[in-house]
Amino acid sequence: SFIDQVKKELKNASIRCKVDDRGNQSPGWKYNHWEQKGVPLRLEVGPRDAAANTVMVVRRVDGVKASKPVNGLGSAIRAELDDIHQVMFAKASAARDSKVVQVTSWSDFVPALNDDCLVLTPWCSPKNQEAEDQVKERSR
């Protein structure tokens with residue numbers, strides 16, 4: 001069958017897939033179910049796709065849809081997954097970097113914490129547990 005051909009292409013590229021052929025759920029319910037699980041790509045197959053020997057690939061990260069031919073699907077999906085990884089990594093790095101603040105005075109420390117920032121401060125000796133305890137107490 002067409003689905004078996006798609007699964008074979010993906011398996012040959014060492015890509016795991018799960019066919020959700022439950023008839024008791026609507027397509028929208030299934031899409032939501034797998035998105036909640038964090039599946040990065042959804043491949044949609046309908047009668048027109050099978051007739052054209054293509055699948056519709058939908059990216060979870062940005063919702064972009066693209067029709068891909070079954071021949072070479074494994075390498076196309078691998079490229080999509082690599083791109084998704086790059087996009088998600090860049091977004092996470094930018095979010096983290098936007099919240100990193102370097103402070104050198106106490107008056108800037110607590111407001112930075114209250115803004116949910118990752119606060120970089122001058123380092124004191126690891127032997128000086130007293131300073132760490134003071135920071136913990138004063139920044140509550």
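The values are calculated or read from the model by the stated rules, or taken from the named source; none is laboratory data. Since we're looking at a predicted model, the values are computed, not measured. Positions of Cβ are generated from backbone atoms using ideal geometry, with glycine treated the same way; all protein chains shown enter the neighbour counts. Remember, those area values only see protein heavy atoms, side chains included, never the ligands or the DNA or RNA. Shrake-Rupley method; radii C 1.70, N 1.55, O 1.52, S 1.80 Å.
Structure remark: mean-square fluctuation, Gaussian network model of the chain, C-alpha springs under 10 Å; the largest value among P47, P69, P126 belongs to P126. Dividing the helix sum by the residues of the chain, where each DSSP H run of 4 or more adds -39500 (n - 2.57), gives a mean residue ellipticity at 222 nm of -16000 deg cm²/dmol. Among A50, V100, I15, which residue has its Cα furthest toward the positive end of the charge dipole of the chain, with +1 on Lys/Arg Cβ and -1 on Asp/Glu Cβ? Final value for the positive-end residue is A50.
Once the Cα atoms are used to define both axes, helix 73-98 deviates from the longest principal axis of the chain by about 20 degrees. Phi angles of segment 20-37 translate, via the Karplus equation with coefficients 6.51, -1.76, 1.60 and θ = phi - 60°, into HN-Hα couplings of 9, 9, 5, x, 8, 10, 6, x, x, 5, 5, 4, 4, 4, 6, 5, 4, 6 Hz per residue; Gly and Pro are given as x.
The spacing between segment 59-108 and segment 112-138, judged by their C-alpha centroids, is 32 Å. Each Lys and Arg adds +1 at its Cβ and each Asp and Glu adds -1 at its Cβ; summed about the Cα centre, segment 77-140 shows a dipole of about 80 debye. Note on the chain: with a GNM built from Cα contacts shorter than 10 Å, the maximum mean-square fluctuation among S14, S67, S105 falls on S105.
The residues of the chain have, on average, 73 Å² of accessible surface per residue, using a 1.4 Å probe with all protein chains present.
Quick one: dipole size for segment 6-124, taken about the Cα centre, charges +1 on Lys/Arg Cβ and -1 on Asp/Glu Cβ, in debye to the nearest 20.
On the way: 18 positive and 14 negative charges, 147 e Å.
Taking the Cα centre of segment 6-124 as origin, the dipole is about 700 debye.
Using the Cβ-Cβ distance between V61 and C124 with R0 set to 35 Å, the FRET efficiency works out to roughly 0.25.
Can you give the extra length, in nm with one decimal, that the chain gains between Q5 and K136 once fully stretched, where that is 0.36 nm per residue apart less the Cα-Cα distance?
Details: separation 131, 0.36 × 131 = 47.16 nm, distance 5.97 nm.
Difference between extended and current length: 41.2 nm.
Protein heavy-atom surface of the chain, 1.4 angstrom probe: 52% of the accessible area is carbon and sulfur, with nucleic acids and ligands not counted.
Considering only L113, L43, L81, the Gaussian network model of the chain with Cα springs below 10 Å gives its largest mean-square fluctuation to L113. Computed from Cα atoms, the angle from the helix 2-12 axis to the main principal axis of the chain rounds to 50 degrees.
Give me the net charge of D116's neighbourhood, meaning all other residues with Cβ under 12 Å from the Cβ of D116; Lys, Arg count +1, Asp, Glu -1.
On the way: positive: R96, K99; negative: D115.
So the environment of D116 carries a net charge of +1.
For the listed residue pairs K7/K37; K7/K91; K99/K127; K11/K91; K37/K136; K99/K136, the alpha carbons are over 27 angstrom apart in K7/K91; K99/K127; K11/K91; K37/K136. When the convex hull of its Cα atoms is viewed from all sides, segment 1-131 shows a mean projected area of 12.8 nm².
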